[in-house]
1. Given a 1.4 Å probe and every protein chain left where it sits, what share in percent of the accessible area of the chain is carbon and sulfur?
2. Do you know the relative contact order of the chain, to the nearest whole percent, from alpha carbon pairs under 8 angstrom that are 6+ apart?
3. Using all C-alpha to C-alpha distances in the chain, build P(r) with 5 Å bins and read off the rounded percent in each one.
4. Asp10 to Lys27: extension gain in nm, 0.36 nm per residue of separation minus the Cα-Cα distance?
5. Any chance you could run the full-extension gain for Glu60 through Lys38? It's 0.36 nm times the residue separation minus the Cα-Cα distance, nm to one decimal.
6. Rank Ala61, Pro4, Phe28 by how far each Cα sits towards the positive end of the charge dipole of the chain (+1 on Lys, Arg Cβ; -1 on Asp, Glu Cβ) and give me just the farthest.
7. Taking H as built 1.01 Å from N, whose amide H comes closer than 5 Å to the amide H of Ser24, not counting residues under 5 places away?
8. Roughly how many Å² is the accessible area per residue of the chain, as a whole number, for a 1.4 Å probe?
Amino acid sequence: MKNPSPGVKDIITPTEAIDYFVLSRRKFYELLKSDKRKDFLVFYKERKMIIRTAFAKYLEAHPDLRRRC
């Protein structure tokens with residue numbers, strides 16, 4: 001059985017978010033480490049997980065996280 005793609009899942013890992021949304025790895029991890037309140041971030045035990053739909057809305061307001069080609 002094949003794992004579902006990040007586009008179908010509601011909650012994704014930071015690595016899946018970077019690949020799915022084509023983000024700058026450095027900028028994204030700096031964002032996760034910052035003290036700013038993030039509505040798209042949830043915790044499962046010690047792991048940080050991303051709510052995909054909430055993060056997509058966040059990216060609309062902050063397109064500077066995307067990778068430059």
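1. After summing per-atom areas, the C and S share lands at 53 percent.
2. 39
3. All Cα pairs, binned at 5 Å, distribute as 3, 15, 29, 29, 15, 6, 2, 0 percent.
4. 3.9 nm
5. 6.5 nm
6. The listed residue farthest towards the positive side: Phe28.
7. Arg66, Arg67
8. Averaged over the residues of the chain, the accessible area is 78 Å².
The values are calculated or read from the model by the stated rules, or taken from the named source; none is laboratory data. All values reported here derive from a predicted model rather than from experimental measurement. As a convention, Cβ positions derive from the backbone with ideal geometry for all residues, glycine included, and neighbour counts pool all protein chains shown. Note: accessible area is taken over every heavy atom of the protein model, side chains too, but ligands, DNA and RNA are not part of it. Shrake-Rupley method; radii C 1.70, N 1.55, O 1.52, S 1.80 Å.
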